[in-house]
Each structure stands twice: as structure tokens, then as C-alpha cells.
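Below is one structure, written out as C-alpha cells; the observations come after it.
The values are calculated or read from the model by the stated rules, or taken from the named source; none is laboratory data. If you're wondering where the values come from, they're calculated on a predicted model, not measured in any experiment. Virtual Cβ from ideal backbone geometry, glycine too; neighbours counted across all protein chains shown. Accessible surface areas use protein heavy atoms only, side chains included; no ligands, DNA or RNA. Shrake-Rupley method; radii C 1.70, N 1.55, O 1.52, S 1.80 Å.
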Amino acid sequence: MAEIAGDEAPTPPPPPPISGEASRDPHTSTPASTGSNKPPLRTTKPGVKRLILTASVLLSFLVGLPFLLKSTEIHRSPLPSDAITALAHRLHSTPPSFPCSLHAVFLRSVPDRSDASLSRRLEQSISAQLQLLPATSTAGNVSVSVTVELAGGCSSSSSSSVGSDWQCGTVTSADLVIGDEVFDELLHSALGSGRGDGSRVYTVVVVETGDAEGMRVVVGKHRHAWVVGKADEVKAVTVIGKVFAKYFMNGGIEEGEAGIGKGEFMPVGSDGNVVLSFSLLNADPSDWVYDWDFEKIGERMLNPVVEALRPIAEINIESQVLYHTPKSSYSYFDDKLGGNVLSMGDIPFFVNSNEWHLDTSISATGRSKILQFVVYIPSARECPLYLQLPDGGLSKTNAFISPMWGGVLIWNPPDCSLDSKTHGTRKKMSSQELMETLEIFIGQLRQLFGLKPSYLSQDMDVPTKFVVSEKGFTEWELDLLYRHHAHSNLLSCLTTLESLSTLVRSLPRMIVMDEIGRQVELSLEAANLAQGNATLGISDSSAVYATRARALAEDAFFHPSIMSISYASVEHYFAIYMPFFAPVSLHVLLAAIKELKRYKAERAKYFAFLASQATSS
């Protein structure tokens, strides 16, 4: 078996193929020569079964793609963006303003010797006076009318639109002796119900009396005031303009004072609900325990207030009695006063949030606002407790307010003293004490809404008296609240709707339920009604619709379907589904491309075979 290099025997040829085996593709022919580089020819037409099968798989993926996109589609109810833009344009170009009327009535006991154009001349003088006085931002056009009642009858200015409401002869100077409160109701009956279109008419009656010393002004609890005394036309016109502009339009708030229309917020929840929570706090029950009959007396006094404020807020009332509620601030004993004194600088630390469990309301839901009104009964060792003002004097009410939170009244029991021997006894506030306490709370509520707790007679150049309403708010004060509340809520509604529209546009994958779209439409409808009523001067109806518009806009913006889902971008959407579908789709696509190339190659071989057959023949 020796192998010698160079004498190696030649490699034997391969054995012939076994019978029945094919040494090559049966559909291809042998090349013409051994050294040819041409591909083998195909003698039969290539089939399309493999191509159709591969294409059907690819087609199934393409057909299923729309179903995949539809199944992962985000439902987006269309928002009326054009309507929101139109509302914004109207509110910015023409802010909500409420037109009203001023009706001046001059009661003269003797015939006037001037010409017949007296009422027109007075109307022009009053109109000129109003142009010189500052007006509120919510006041619209003011139409002025004048009625002069003489001994022989009445004469009205030619442009008067409300002078016909005055009933001549119903009120005379002799009626002044019945008292201001009764005279106020007499004027109310003489003036009628105002204009039929719902706009507000404010009346100032000038009653000339020859025996009166000087002048005095009385502002009633309705929409009128009267001036009593002997004065010339210039003085009377000046007083009429000041009463209308200062009180009826601005609520007695001077320039630079904090109050309604001066940047203060309304203490009303965004859903239009307010909870008035009244709490009686016994600082140390071991000294004494006081209770109150709030359900009978308190609710009876507060129900008129609730009804008066209903156009701007839905108010619920709650009460509770708490024990072991010491204050957080410190007081010091004053020998001159014979009691403990709490300075104004310690008021921010008076409320003890750790011990005063006030937020136990069951009526406050959603975005409702809770206003706390607290009666604090000090312990025996710090009783009596007085509140000292910055000027060194003592507070007459012994109470203070905290804006947007509520108010606190420090109530010293009648038998309060360091040597009291009634420790541990249970007592109840008398009806008179509870009524006086609630009157202070109503004054604090007025302050929280931006009004003055009371008006001073020195606010004008002449002595001024104000008739108090049993509702806590006079009609002209309620008109002021309605106007500012409607104005504020309309702007707040617009801001919320614009924010929602911007949010929806910035998040393409954000779900917008049909309920959200419906709430936006209802909010826009209510806002348009509020603006329409404001144009007509119907302040109470405008406030109702403005409150509804804001509440619906807030409900749409804070809808649970918006807050509970985290929205991702389109890139994140593809990043989620690509790992599932990309590998399979890529293989199917590559297989289809490969099969298409193979089919084209086989078809080229077949065409080449046909061409060679045609040439050889």
C-alpha cells in the first residue's frame, strides 16, 4: 500500500447515476458546452403556487393593519373650538357690562317759577355729573330720567324711559314723619316693580322741606334713596350723582380699598356651592361647657341670607359643638382692662389647626367651598379675652375674619371671671346672645363677599343713614354682587374652556368622551345666555347662567376619564406594538420579496429555453 508521489493513479470517474434518480433539475436542460457560464434553462413554465401562498400571507398582514389601528384608536369627541374662540373674542372685545337706569324724582311743595324744560335741564346736569364720577368696570350705559312733581302735577323729561313708573301724589314730604323704614317701603310701593325688560332702575328722590336744617341722605334697602332738606339744584344734582356712583354702582368701596371688584376673589366653589360651617368651641370643658340652639334660631336667621345669595351660590348650613379646643396664640393680662388681651399681630396664629377639627362637613363635595365661622369660648384662666386693634383700642365685635377661610368670634360668657365658681357646669347660649352672634357672622359674610360690614354716616359730605335689610344684603348690594359674580365667572369659564381646548390639541392620544363634549357645549350655551342677559341688564339671571357655565367647564376639565389616564406620544405608541409585530412582519415581507425574485428568475430561464428552441428550429 505504498504511495509514491507523482505515480498516483488518476481519480476514477464518478459512477453513473442510479436508475430513477435525477442528476439535475428535470425542468432544466444541460448546457450546450461544459465551459459555458449561462444558467441552466427551464423547459417548463414556472408555477405561481408558492408566490400566491406567500403573497396571501403578506396580504393578510396588510388587511389586518386597519383593524389593529381601529382597535387601538382613541375616542375623541369633537370640541367646538370655533365657538370657544368666538366667545373669547366677544368677552375680550366687549367685556360683560350691565346697563341700568337712574331715575331722579324731585318733590316740590310749591310751584316752580322756572320754564317747562326744568326736567330736561336737570337730566342733562345729572348726566354730566355722572361723567365726572368713577364708574365700576361692570357698569354699562346709564340712562337718566327725571320727574318733577309740583303742586299741580308731574312733568318728566322727554327722553325718560322709566319716569312713567312713578305714581304722582303717592308720596309727599308729610310722609317723612312715619320713619325711615316705613318711608322706605312707601317709596318701594310708589315706584312699582321697575321696567318690564328686567333691567335695574335706581331711584333717588329729593324731598324739599323748608324747615329742615341742612340736608341728609337715607339709602334704602331696595333700589332707591332719598335726600331730605333745602338745597339748590347744583347741590341736589351733586348728591344724586354721588349716591348712585358710590353706593349703587361701587358698594361704597373707595379707590384703593380692598373689596368687591378690587381683585378680591368670591368665596364660592367652582361648582357654585358653599358650605357655611358654624362651630362652637369650648376651649376647656373642665371650666364650663356651652351649647346652643342653632337649629331653630340660627337657620331661621340665615335662611333669608341663603335665599338672597342663591343666584350666585348654592349654600348649605351646618353646625357643630367641639370641646378641648385651645388657641395657638398667646395673650397677656392687662390690669386696666381687667382681662386678657390678644393683639392683632397674634391673629394669624390664633386658629389651632391641630386641635380644631373643623373640616368634618358631609355637605362639601367635589369643588365646594367651606367657610368656617367659629365661636371661641376661652377658658377660665384667660377669660375675659379681648381683641386689641392696631390703634390700641378694643374691637367692638371682638371678632376677625380670614379671607377665603371664614371668621372667628371670641365670646366671653356673662359670668366670665378668674374667680368664677361655676366650673364644669353645662349652660346654653341664650336666644339673644345667639342672635347677636349671628349678626356679627352675617357682617363677616358680607366682608368675605367683598362688601363693607356696615356703612358710616361720614362716608359722604352730608349725614347719611342706611336702612338695614333683614336679608343681610340690600337689593342694590345684591345687584352689585350679581354683576361682579357674573363677570368673574364668565372670564373663569372662558379660561377653563381655552385651557381644555389647548390641552386636547396638544395631546393627540388623549381620550375625549362624548360627555366632555356635551358639557363643553352646555357651558358655551350657558355663557352665551349669561352674556345676553348682561347686555339686557338682568344681573341675577346673568349670574345664574354664569355660575352654571363655570361649573360645566370645570366638570369637563376635571372629568375622571381625563385625569385617570396617562397619555403618551405617537412614538411611544409604536414603541409598544413594534416588538410584537415587527419581527413577524419583517420575515413575511422578506419571504415575499425573495419568492418574487425566485419567480422572476425561473420565468427568465423558461423564456430563454423558448428562445433557444425557436433558434434551433
Go through the range 520-545 and report how many residues are under 22 Å from Thr85 (Cα atoms) and open to solvent by 30 Å² or more (accessible area, probe 1.4 Å).
8
Run down Ile440, Ile401 and say which single residue is modelled with pLDDT under 90, outside any loop (DSSP other than H, G, I, E, B) and among the β-branched types (Val, Ile, Thr).
Ile401
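Residue-wise test of (1) touching a residue at least 40 places away in the same chain (Cβ under 8 Å); (2) out of contact with any Phe, Trp or Tyr (no Cβ under 6 Å at 6 or more places or on another chain).
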| position | (1), (2) |
| --- | --- |
| Met344 | yes, yes |
| Asn354 | no, yes |
| Leu394 | yes, no |
| Gly406 | yes, no |
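Residue by residue, here is whether (1) at pLDDT 85 or above; (2) more than 25 Å from Tyr247 (Cα to Cα); (3) out of contact with any strand residue (DSSP E or B) (no Cβ under 6 Å at 6 or more places or on another chain) holds:
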{"position": "Ser93", "(1), (2), (3)": "yes, yes, yes"}
{"position": "Leu118", "(1), (2), (3)": "no, yes, no"}
{"position": "Ala135", "(1), (2), (3)": "no, no, yes"}
{"position": "Ala139", "(1), (2), (3)": "no, no, yes"}
{"position": "Gly163", "(1), (2), (3)": "no, no, no"}
{"position": "Gly179", "(1), (2), (3)": "no, no, yes"}
{"position": "Phe183", "(1), (2), (3)": "yes, no, yes"}
Any pair with Cβ under 6 angstrom, 6 or more apart, that starts in the range 157-173 at a residue that is closer than 12 Å to Thr147 by Cβ and ends at one that is open to solvent by 30 Å² or more (accessible area, probe 1.4 Å) and modelled with pLDDT under 65
Val162/Arg195
Considering only the range 482-497, state which residues are open to solvent by less than 10 Å² (accessible area, probe 1.4 Å) and over 12 Å from Ser542 (Cβ atoms).
Cys493, Leu494, Leu497
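Can you pull out the residues in the range 585-608 that are among the aromatic types (Phe, Trp, Tyr) and exposed (fewer than 15 other Cβ atoms within 10 Å of the Cβ)? So that I can check it myself, show each step before the final result.
If we filter the range 585-608 for residues that are among the aromatic types (Phe, Trp, Tyr), which is where we start, we get 599, 606-607.
Within the range 585-608, just Phe607 meets the criteria.
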Index of the failed condition, Arg505 passing every other in (1) in contact with a strand residue (DSSP E or B) (Cβ under 7 Å, 6 or more places away or on another chain); (2) within 21 Å of His92 (Cβ to Cβ)
(1)
Could you tell me which residue of the range 554-572 is most open to solvent (accessible area, probe 1.4 Å), considering only residues that are modelled with pLDDT of 70 or more and more than 26 Å from Asp271 (Cβ to Cβ)?
Glu571
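So that you can scan it fast, the table gives a plain yes or no per residue for (1) modelled with pLDDT of 80 or more; (2) on the phi > 0 side of the Ramachandran plot; (3) not polar (S, T, N, Q):
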{"residue": "Pro14", "(1), (2), (3)": "no, no, yes"}
{"residue": "Val48", "(1), (2), (3)": "yes, no, yes"}
{"residue": "Leu51", "(1), (2), (3)": "yes, no, yes"}
{"residue": "Lys70", "(1), (2), (3)": "no, no, yes"}
{"residue": "Ser97", "(1), (2), (3)": "yes, no, no"}
{"residue": "Leu107", "(1), (2), (3)": "yes, no, yes"}
Regarding the range 283-301, can at least one residue be identified that is at pLDDT below 90 and farther than 25 Å from Gln432 by Cα?
yes
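Within the range 298-390, which strands (runs of 3 or more DSSP E) (wholly inside it) include 3 or more residues that are open to solvent by less than 50 Å² (accessible area, probe 1.4 Å)? Spell out how you get there, then give the answer.
Working: elements: 314-323, 332-334, 339-343, 369-377, 385-388.
Correct list: 314-323, 339-343, 369-377, 385-388.
Does at least one position in the range 235-247 carry a residue that is at negative phi, outside any helix (DSSP H, G or I), surrounded by fewer than 24 Cβ atoms within 10 Å (Cβ to Cβ) and not charged (D, E, K, R)? Give the derivation first.
Initial filter on the range 235-247 (at negative phi): 235-247.
Then drop every residue that is not outside any helix (DSSP H, G or I), which leaves none.
Checked against the condition, which is being at negative phi, outside any helix (DSSP H, G or I), surrounded by fewer than 24 Cβ atoms within 10 Å (Cβ to Cβ) and not charged (D, E, K, R), the range 235-247 yields no hits at all.
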